[in-house]
Amino acid sequence: MNPHNFLFGVRMAILRAKEIRGMKPEEIDRKISELRLELMKEMANVKMGRPVKNPGKIRELKRTIARLLTIKKEGKKQK
């Protein structure tokens, strides 16, 4: 682990592109639905006015979902 990430609070990606490319299409679909459900729960907590434990989590969930969808689309274009 990079010590700078720990010191400055930089959060690493939930899933890296390299990890996603190693997944099967079914696994990618499953992961997308899991992350969307988690994002929906986090957004519901925000809407209800509950305090957010980790504000960066919502942003990271959105980015990871976008990363999954992008790589999934890349795989379809190659076929």
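The values are calculated or read from the model by the stated rules, or taken from the named source; none is laboratory data. Since the model is a prediction, treat every value here as computed from it, not as a measurement. Please note: Cβ atoms are built from the backbone with ideal geometry, for glycine as well, and neighbour counts cover all protein chains shown.
Candidates are the residues of segment 57-79 that are surrounded by 13 or more Cβ atoms within 10 Å (Cβ to Cβ) and over 12 Å from the mean Cα position of the chain (by Cα); the one that is nearest to GLU27 (Cα to Cα) is LYS72. Would you confirm, using the coordinates I've provided, whether GLU19 is within 14 Å of the chain's Cα centre (by Cα) and modelled with pLDDT of 90 or more? In short, yes. Within segment 34-51, being in contact with a helix residue (DSSP H, G or I) (Cβ under 9 Å, 6 or more places away or on another chain) and part of a helix (DSSP H, G or I) holds for LEU35, ARG36, GLU38, LEU39, GLU42, MET43, VAL46.
Counting only residues that are loosely packed, with under 13 Cβ neighbours inside 10 Å, not in a helix (DSSP H, G or I) and not basic (Lys, Arg), segment 20-33 holds 1 of them.
The single residue among ASN45, ASN54 that is loosely packed, with under 12 Cβ neighbours inside 10 Å and modelled with pLDDT under 95 turns out to be ASN54.
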